[in-house]
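Remarks on the structure that follows.
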Amino acid sequence: MHTSKLMQSIAIALALASGYAAIAPAHAQRGSGSDRLEERRREREERRSTREQDGDEQQALFPDATREEPDAKASARISRKLEELQQLSEDGMTEEAAALGDEVASDSKANAYERAFAMQAVGSAYLNAGDYPAALPYLQRAVEADGLPNDVHYQVLYQIAQLQLQEGNYAESLAAIDRLITETRSTKPEYAVTKGNALYRLERYPEAIAALEPAVKGSPSPDPSWVQLLMGSYAEAGQADAAARLGEELAQNNGGDVQSQLNLAVIYQQAGQTEKAAQTLEALRASGQLTEARQYRQLYALYSQLEGREASTIEVINDGLDKGILTPNAEVYAMLGQAYYYSDQPEQAIEAFRQGAPLADDGELYLNLARLLSGEGRASEAADAARQALQKGVRDPADANRIIGSAK
């Protein structure tokens with residue numbers, strides 16, 4: 001199992017309302033659009049004044065940003081359209097919002113704030129609808145318009161970085177998050193993790209580690225997905241021991257989390273610590289927490305690599321079959337028959353091969369059955385199995401013919 005399969009892209013978790021709060025959300029009120037916008041502006045000023053008097057002034061999200069705060073505001077002429085657009089966005093009317101947003105953006109008299117507001121509102125409508133590919137270009141145009149307040153402008157840029165990551169556009173995601181970090185001079189771990197994720201997807205593992213380590217090690221309770229991402233970066237960079245140590249920490253801190261234990265088993269396996277990988281999965285099986293066929297296959301495959309563990313291989317396979325977790329198929333019976341054979345249980349091996357051979361796509365399992373029967377002195381049965389092997393097709397027909405010939 002490739003470690004990258006363990007990693008999931010960081011979920012798009014920005015609350016869309018966070019952007020609207022700074023842009024003034026629409027409310028159904030009487031009066032002209034510009035009057036309503038102005039009224040809400042006054043309300044915000046009053047709330048800000050109250051906070052200042054109470055010593056509770058809201059802090060800017062990006063106080064160290066190098067970008068100058070824009071001073072453009074909505075004009076009376078366009079404010080009604082912006083309010084209508086905001087309502088369409090909140091109501092999920094994506095097509096209508098897109099049509100009105102494009103109209104505002106193409107208005108030669110619209111200022112940077114109005115164009116950016118329109119594009120961000122349309123992008124948010126598509127995000128609310130779960131249509132990320134449609135949302136992305138509108139959010140990009142919102143940033144390009146360069147008219148939103150810093151707190152909103154950079155949150156939109158963060159959304160873009162996350163969406164690019166979600167859509168598999170890793171280089172573009174990296175460029176967006178790099179721009180965000182550079183222009184805001186922010187040290188938020190979430191941004192570093194997004195950057196590390198993009199670098200991981202681009203297979204730039206040492207750089208991913210450099211981005212992720214401060215975020216993970218600097219947080220008292222890092223998100224497990226961050227730890228898993230760093231763990232995967234270590235593994236892909238050939239730092240198996242570091243990956244294993246981090247995996248042990250994660251598993252210890254999340255003792256009841258099955259996924260952490262499964263991930264640790266993969267890391268042990270990649271580090272060549274097969275015994276530890278098997279022990280980790282065996283503990284889950286013993287507590288009834290292995291519930292999928294792939295997990296059972298991983299465990300019996302590990303046991304098959306360990307000398308003298310045929311009995312464990314047999315136990316795991318039979319347990320999986322008895323519980324209905326493992327589907328009876330050629331691969332399972334071939335592994336079971338092999339384990340019986342190497343533990344000097346020929347009758348059980350013969351039975352396993354008999355059950356698996358009809359399920360195989362070719363005649364190789366029938367040929368193995370024929371060889372085993374021949375070795376046990378059961379020439380007639382061996383010849384029958386060899387004929388069935390030839391009928392289904394084998395790589396070495398000469399061996400099958402030899403077994404048939406020896407039975408005459």
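The values are calculated or read from the model by the stated rules, or taken from the named source; none is laboratory data. Everything numeric here is computed off the predicted structure, so don't read it as measured data. We place every Cβ from the backbone using ideal geometry, glycine too, and count neighbours over all the protein chains shown.
Brief remarks follow.
- Looking across the stretch 159-199 at every residue that is out of contact with any Asp or Glu (no Cβ under 8 Å at 6 or more places or on another chain) and hydroxyl-bearing (Ser, Thr, Tyr), the one that is surrounded by the fewest Cβ atoms within 10 Å (Cβ to Cβ) is identified as Thr182.
- A single entry from Gly168, Gly147 fulfils the requirement of being in a loop (DSSP other than H, G, I, E, B), within 20 Å of the chain's Cα centre (by Cα) and in the same structural domain as Met93 (by TED's automatic domain parsing): Gly168.
- Members of the stretch 357-377 found to be buried (at least 17 other Cβ atoms within 10 Å of the Cβ) and within 13 Å of Ser406 (Cβ to Cβ), listed by number: Ala370, Arg371, Leu373, Ser374
Quick grid of which residues meet (1) polar (S, T, N, Q); (2) out of contact with any helix residue (DSSP H, G or I) (no Cβ under 8 Å at 6 or more places or on another chain):
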{"residue": "Pro149", "(1), (2)": "no, no"}
{"residue": "His153", "(1), (2)": "no, no"}
{"residue": "Gln162", "(1), (2)": "yes, no"}
{"residue": "Glu167", "(1), (2)": "no, no"}
{"residue": "Ser173", "(1), (2)": "yes, no"}
{"residue": "Arg179", "(1), (2)": "no, no"}
{"residue": "Arg185", "(1), (2)": "no, yes"}
{"residue": "Ile209", "(1), (2)": "no, no"}
{"residue": "Met231", "(1), (2)": "no, no"}
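- Filtering the stretch 319-356 to residues that are farther than 25 Å from Glu381 by Cα and exposed (fewer than 15 other Cβ atoms within 10 Å of the Cβ) leaves Asp322, Lys323, Gly324, Thr327.
- Among the residues listed as Arg402, Arg395, Arg354, Arg387, the single one being outside any helix (DSSP H, G or I) and out of contact with any Ser or Thr (no Cβ under 7 Å at 6 or more places or on another chain): Arg395
- If you check Gln155, Gln252 for being assigned by TED's automatic domain parsing to the domain that holds Tyr132, over 18 Å from the mean Cα position of the chain (by Cα) and of a type in the set (S, T, N, Q), only one passes: Gln155.
- Matching entry among Ala121, Ala161, Ala215, Ala134 (being assigned to a helix (DSSP H, G or I) and more than 23 Å from the chain's Cα centre (by Cα)): Ala121
- Filtered by the rule that a residue be assigned to a helix (DSSP H, G or I), small (Gly, Ala, Ser) and over 25 Å from Asp151 (Cα atoms), the stretch 87-118 gives a lone residue, Ala99.
- Test for Gly288: is it under 20 Å from Gly232 (Cα atoms) and outside any helix (DSSP H, G or I): no
- Positions within the stretch 218-232 being part of a helix (DSSP H, G or I) and either buried (at least 19 other Cβ atoms within 10 Å of the Cβ) or acidic (Asp, Glu) (or both), in sequence order: Trp226, Val227, Gln228, Leu229, Leu230, Met231, Gly232
- Some residue of the stretch 68-84 being within 34 Å of the chain's Cα centre (by Cα) and surrounded by 14 or more Cβ atoms within 10 Å (Cβ to Cβ): no
- Out of Ala210, Ala175, one residue alone is over 24 Å from Leu61 (Cα atoms), part of a helix (DSSP H, G or I) and modelled with pLDDT of 95 or more. It is Ala210.
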